[in-house]
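Enquirer: Sharing a structure here in structure tokens format.
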């Protein structure tokens, strides 16, 4: 029996490898980069958010239109099972105040080291600097390596090459033409969990002085192209070209799709979501004496820094001096978003191999013995542990499917 080939050394590919090697299958993992798990390590720079501790039904709902096909994967490898798996590696976890689950120590490196050690001890063989280039005429896997092309015959293949976000870490979407050439139905890859550009861009002053500054405790609302209304509270950040951050990522799919449908979308920011409008209007109109308007707003309403800069950016000088219009703008400041940021800057990507092209074991219907897992699949979810959870769960499913196939079942 030939080995099973896993192409892609991220969470989905490594999880598939683990299921196979534990069953006594010879497993080779191939990755284009000099080492595996690079995007996982990047995800852990600010604290590795493994999963989320919210109720299962709420958790599944985060996958939007693809919740129905993601559900059975998560039922087989649930968030609780993922935490238990992490604990078995010797890494303890904790639940943060937002319900997000992190490893103690927050970083990805200890988890990845322990995992790779266990995989190597079990017999998984790693081949780095092996860039997949499709199949040859005999069905052998083609790899471009530093010493030339290498052909590999595999008993089964798990593709876990990622989407197209962070191409410097290996997820560059170059696999799309190889599958499309074989007739596989692939939805276009688009940015997800991304920032957005404001129409016309920011002024030089705002870019130089406030790009990278957060807007804390704000609300964002808009209506999508289908007439659905969205409203979220949280924190976002001003970028060089527009806005980004957790509040934006939570609705990035709807923003992206609305822009695609109608060319732009107007969002409205409430800079004081805990204040009734009447109270804001009263505070703005309160006599300020010799104080500047900026000092007055800071004193009465706590408006300063990036929030003040954004008001001055969007409003005309006359509107800024009009107490009624200024109060209204503080709770309904319009921003026209014209485009998502490029996919290479996105945290994740949407699109990929459509589930309709797969059977229940994540095997391509038109390519028997070839399984797909992770961000290559056509799904998306917000940040908060949902991305990693589905990657791990789909890796489990693909590994189990490849195991059954390799054994003739």
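The values are calculated or read from the model by the stated rules, or taken from the named source; none is laboratory data. Please read all numbers here as calculations on a predicted model, not as lab measurements. So basically every Cβ, Gly included, is an ideal-geometry build from the backbone, and we count neighbours across all protein chains shown.
Enquirer: So residue 20 ticks every box in (1) touching a helix residue (DSSP H, G or I) at 6+ places or on another chain (Cβ under 8 Å); (2) more than 21 Å from residue 165 (Cα to Cα); (3) surrounded by fewer than 23 Cβ atoms within 10 Å (Cβ to Cβ) but one. Which box is left unticked?
Expert: (3)
Enquirer: Output the residues belonging to the stretch 141-154 that are surrounded by fewer than 21 Cβ atoms within 10 Å (Cβ to Cβ), touching a residue at least 12 places away in the same chain (Cβ under 8 Å) and more than 12 Å from residue 6 (Cβ to Cβ).
Expert: Step one: of the stretch 141-154, the residues surrounded by fewer than 21 Cβ atoms within 10 Å (Cβ to Cβ) are 142, 144-153.
Still in the running and touching a residue at least 12 places away in the same chain (Cβ under 8 Å): 144-146, 149-153.
Scanning the stretch 141-154 gives 144, 145, 146, 149, 150, 151, 153.
Enquirer: Out of 103, 110, report the one residue that is closer than 19 Å to residue 15 by Cα, surrounded by 18 or more Cβ atoms within 10 Å (Cβ to Cβ) and modelled with pLDDT under 95. Before the answer, list the steps.
Expert: Working: 110 fails: surrounded by 18 or more Cβ atoms within 10 Å (Cβ to Cβ).
Only one candidate qualifies: 103.
Enquirer: Same structure again: Assigned by TED's automatic domain parsing to the domain that holds residue 307, touching a strand residue (DSSP E or B) at 6+ places or on another chain (Cβ under 9 Å), closer than 16 Å to residue 268 by Cα and surrounded by fewer than 16 Cβ atoms within 10 Å (Cβ to Cβ): does that describe residue 244?
Expert: So residue 244 does not fit the description; no.
Enquirer: Failed condition for residue 264, given (1) in contact with a strand residue (DSSP E or B) (Cβ under 6 Å, 6 or more places away or on another chain); (2) closer than 23 Å to residue 324 by Cβ, with all others met?
Expert: Single failed check for residue 264: (2).
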